[in-house]
Amino acid sequence: MTRRKLKRLALPALAVMVAAAVAVPAFAQTAPRTTTLKSVGKVTFKANRYVKDGVHFNRDAVTIRRGGTLRLVDETRQPHTFSLVRRSQLPRTMRQMEACFGRGPCDDLALAHGAVNPDTGEEQEPTTPVVNVGAAGFNRPGDSTLIPPGGRTSVKITGSSDKYYLCAIHPWMLGKVNVAG
């Protein structure tokens, strides 16, 4: 191939690379450095009929800059966790949600938080408020924090890839953190 043909091929490729380099930082700059995710909703009860648990996170997805802070607020007065899992571990059916407790990530996280007695299998008050299996910050499946009833906490989102989360106590509470930058 001649130099002239190479130049004709290289210029459009270079233009695409420059445009991409400019576009990515622009998205990263518009993503917030701090954002809030709330647990909201309530439980309704009708004697001898049903219990309906309408507790959920207020957003299915949040976007934040890498290294940013995610504030977690509990408006339900029930304990919750913010636990990173693999996308494939997010339950989409009732059977998958039940499996979260049967040797799934919810069981693993409950044990890691000390919310289950390893000898008897009985529930107990959690003894470990934060579980961090990777480097500092929330960056890997298995990283988890307790959100105290009616309280708040925050986590630093590290790593460059998007994160998937659920509440290990209420696994229908789930979503995605879009990480920018």
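Side notes on the structure shown:
- Inter-label distance for T44 and A136, nm, one decimal - labels placed 7 Å from Cα along Cα-to-Cβ: 4.7 nm
- Unit charges at the beta carbon, dipole of region 34-131: most positive-side option, G104, G121, V55: V55
- Pairs exceeding 29 Å between alpha-carbon atoms, taken from K42/K163; K46/K156; K46/K176: K46/K156; K46/K176.
- Taking every DSSP beta bridge that has both ends in region 33-180, the antiparallel portion is near 70%.
No value in this document is a laboratory result; all are computed from the given coordinates. Note that this is a predicted model, so its numbers are computed, not measured. Quick reminder, even Gly has a Cβ in these numbers, built from the backbone with ideal geometry, and neighbours come from all protein chains shown.
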